[in-house]
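The values are calculated or read from the model by the stated rules, or taken from the named source; none is laboratory data. For clarity, every value in this text was computed on a predicted model and none was experimentally measured. Neighbour counts run over all protein chains shown; Cβ positions are idealised from the backbone, glycine included. We work out accessible area using only protein heavy atoms, side chains counted, and drop any ligands, DNA or RNA first. Shrake-Rupley method; radii C 1.70, N 1.55, O 1.52, S 1.80 Å.
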Amino acid sequence: MMETWPLGPGDDLLGEPVTERRLHSVRTAAQATGIDQRRMRRMLAAAGIVPEASDGTCDAWEIFDAAAAQPILDNLTALMPAKAFAEFT
């Protein structure tokens, strides 16, 4: 199950606590970052991590390697100074 389910810390697998996330789903990545699930799907698809919504499975089961995607997820939630944000938008 650890090879196919998006389990993470706080989950139990057969009575044993899960200590490390191996897989994310679009849904768990959205929950972990606080980003809307539909927006998360679009950003992950743009990064080539998951297929577009019309080509993939439902967000809860569209899984991908958590460690490989972590730098992208970290980048999505990085804070930016107000001046830099104003110039960026």
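Within region 55-75, the presence of a residue that is touching a helix residue (DSSP H, G or I) at 6+ places or on another chain (Cβ under 8 Å) and open to solvent by 80 Å² or more (accessible area, probe 1.4 Å) is excluded.
Could you please let me know if residue 10 is loosely packed, with under 13 Cβ neighbours inside 10 Å and closer than 27 Å to residue 79 by Cα? Considered against the rule, which asks whether it is loosely packed, with under 13 Cβ neighbours inside 10 Å and closer than 27 Å to residue 79 by Cα, residue 10 comes out as yes.
Number of residues in region 6-64 that are in contact with a His (Cβ under 8 Å, 6 or more places away or on another chain) and hydrophobic (A, V, I, L, M, F, W, C) equals 3.
Only one of the numbered conditions (1) touching a Leu at 6+ places or on another chain (Cβ under 9 Å); (2) surrounded by fewer than 18 Cβ atoms within 10 Å (Cβ to Cβ); (3) under 20 Å from residue 2 (Cβ atoms); (4) of a type in the set (Val, Ile, Thr) is not met by residue 26, and that is (2).
Against the conditions (1) on the phi > 0 side of the Ramachandran plot; (2) in contact with a Leu (Cβ under 9 Å, 6 or more places away or on another chain), residue 18 satisfies every one except (1). Residues in region 1-21 that are of a type outside the set (Lys, Arg) and touching a helix residue (DSSP H, G or I) at 6+ places or on another chain (Cβ under 6 Å): 6 alone.
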